[in-house]
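Notes follow the structure.
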Amino acid sequence: QFVSLRQRILSAVQKNATRGDPRSVIRAIDQFCSQKEWAMNVGNEKGCILDSVVSEVNPATVLELGTYCGYSTVRIASLLPPYAKFITLEFNPDFAAVARQVIAWAGLEDKVQLVEGASSDWIPKIKEQFGIKTFDLVFLDHWKEHYLSDTKLMEECGLLRKGSVLLADNVICPGAPDYVEYVRSSPRYKSHYFRSHLEYTKAEENLWYLGIIE
Ligand SMILES: Cn1cnc(CNC(=O)c2cc(-c3ccc(F)cc3)cc(O)c2O)c1
Ligand SMILES: [Mg+2]
């Protein structure tokens, strides 16, 4: 019977990765997606940029918008200090179900809270629900047309502070032009492109990094 791509990704992890070993989970997904079927994980090239930003920021609080199968969730969670609070939001319950199992296979279920639902519904509730004042790092990788509205919503909800770092995937492909326009023209943001390629392809892509300077 029909097995979904996300289920095939999960099976590849359970078959080829070692329980409790995040790096083997990442390697298993990258091998599957480069050798078998393309999927919209951030991938290893952009993943290394993500790793360097996480290590540099060394965040106590992290928000990920768009969990998908949990690939970037595992990369981030494996680099966080023990006291860190990491929330990842996923709208699609089928993706969330796979991501929970991928995160558990990596042994990182205690490092991250996966919350199902719409980012626009959850962002206003984060302070009181999770006892978080502001985020040191936000990774945007969900619906590209929600990057701008959710960034404005995070500002309005007081979830961003001087020094907060926003890292956005796919600002070229599929693209988030209104978001890029907003942050580039706003005096509140200092921004930086990391040149890279669309996951598992040679297509040009950028991870768009920016710090809030206030
Ligand atoms: C349904 N859905 C649930 N989450 C999302 C948000 N993610 C994306 O849309 C997304 C899309 C692509 C992509 C797709 C087709 C293509 F030809 C080129 C690129 C790459 C990514 O890295 C992404 O994050 C969409
Ligand atoms: Mg992406």
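The values are calculated or read from the model by the stated rules, or taken from the named source; none is laboratory data. No experiment lies behind these values; they were computed from the predicted model shown. Just the protein is used for accessible areas: all its heavy atoms, side chains included, with ligands, DNA and RNA removed. Shrake-Rupley method; radii C 1.70, N 1.55, O 1.52, S 1.80 Å.
Quick notes
- Axis angle, to the nearest 10 degrees, between helix 5-16 and the longest C-alpha principal axis of the chain: 60 degrees.
- Filter on Lys85/Lys162; Lys15/Lys125; Lys36/Lys111; Lys46/Lys125 - keep pairs with C-alpha separation over 27 Å: Lys15/Lys125; Lys36/Lys111; Lys46/Lys125
- Directionally averaged shadow of the range 103-214, computed from the convex hull of its alpha-carbon atoms, nm²: 7.9
- Over all distinct Cα-Cα pairs of the range 10-162, the Kirkwood formula returns a hydrodynamic radius of 15.6 Å.
- In the full protein context, the chain carries 46 Å² of accessible surface per residue, based on a 1.4 Å probe and ignoring ligands, DNA and RNA.
- Degrees separating the helix 43-57 axis from the principal Cα axis of the chain, which is the longest one: 50
- Portion, in percent, of the accessible area of the range 116-190 that falls on carbon or sulfur, probe 1.4 Å: 53
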